[in-house]
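Below is one structure, written out as structure tokens; the observations come after it.
The values are calculated or read from the model by the stated rules, or taken from the named source; none is laboratory data. In this text, all values refer to a predicted model and were calculated from it rather than measured experimentally. When we count neighbours, we look across all protein chains shown, and the Cβ atoms used for this are built from the backbone with ideal geometry, even at glycine. All accessible areas refer to the heavy atoms of the entire protein, side chains included, with ligands and DNA or RNA removed. Shrake-Rupley method; radii C 1.70, N 1.55, O 1.52, S 1.80 Å.
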Amino acid sequence: MSTFFRRLSKATPIAFSHAFRGQSQSTSSHFRFPVGAIAAVSGGISYFYYFSEPNLVHLDQINEETGPKTALIPDKWVEFKLQEKAKVSHNTQLYRFSFDPDLKLGLDVASCLITRAPLGEDAEGKTKYVVRPYTPISDPDSKGYFDLMIKIYPEGKMSQHFDKLKPGDVVEVKGPIEKIRYTPNMKKQIGMIAGGSGITPMLQVVEAILKNPDDNTKVSLIYANVSPDDILLKKKLDMLSASHPNLKVFYTVDSPSKYWVGGTGYISKDMASKGLPAPSDDTLILVCGPPGMMEHVSGGKAKDWSQGEVSGVLKELGYTADMVYKF
């Protein structure tokens, strides 16, 4: 089975969902794609915490709780074992973590989880951790597993930790942290602007909409990247948009290839005007990406991590704070 998984992992990005679907039949349901972070789920800041005695809880302890059983515990760190990993692009990996298949993860749309890894000791001999939020891209209803898509940065302490993980290794996780509670048909139209791995929260919402036949929400996604090779899960996005008329996707890149047919350059006022639903009470615009893109498109969050004011391209087009959500 591992050989089969590795063979599929070398194929196009859409094959990853099939690879994980086949791998997970013994422990779970199937792979789906899923917003957010403490700052921005996929491009935020790493935070450091210190604990002398890590409060680590194993999954068998969950059975002592009453009510719905979930693998995640909001206020306790839980170990999850890495089942498989696969390459998505030249600098991005897909990780599948397993847990008791009788449990659900305990994640709502749209939410993220928090990971931590030991980073040596401080001057007082206390364990030092790097802590990082990520948004799972698997279906929140899947039992027995969840998937993270992580971009590996040369200087990224947590991403470098993930890059070194091998199947069988564990990562400490807690959560979830709810970003915005999505409910079917909450808006007639949802526009999305994503940059790089900021696509992860968007896919969580997209999948929730598309899998529900009673959800009539129309979705428009503008997805910005450095080059065509940096577009994550493009074939999956193309497949979803081709099979669902209520999903439209537009790509733009800074460095187009010779045969590139999408947009070129930063997200402009013209791109947003043509690619997003017009400002209205029935419109919601979701934004997630690196800080520079956020400042240009919508403005960043406030110093206290609240949504803050809307600025940039979206303000110029007439969107107000109640029409925009920043992950």
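Here is how the numbers come out for the structure above:
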| item | result |
| --- | --- |
| Per-bin percent of Cα-Cα distances, the range 145-268 [10 Å] | 11, 35, 34, 19, 2 |
| Under 13 Å from the Cα of K85 - aspartates and glutamates, other chains or at least 8 residues apart | D147, D163, D169 |
| Violating pairs (Cα-Cα greater than 24 angstrom) within the set K211/K248; K76/K126; K211/K236; K126/K326; K187/K315 | K126/K326 |
| DSSP-assigned coil residues among trypsin sites (Lys or Arg not before Pro) in the range 106-200, each with at most 15 further Cβ atoms within 10 Å | K126, K164, R181, K188 |
| Average Cα contact separation per residue, the range 215-327, under 8 Å, 6 or more apart, as relative contact order % | 22 percent |
| Per residue solvent-accessible surface (Å²) - the range 147-236, probe of 1.4 Å | 39 Å² |
| Within the range 211-321, percent of DSSP bridges classed antiparallel, to nearest 5 | 0 percent |
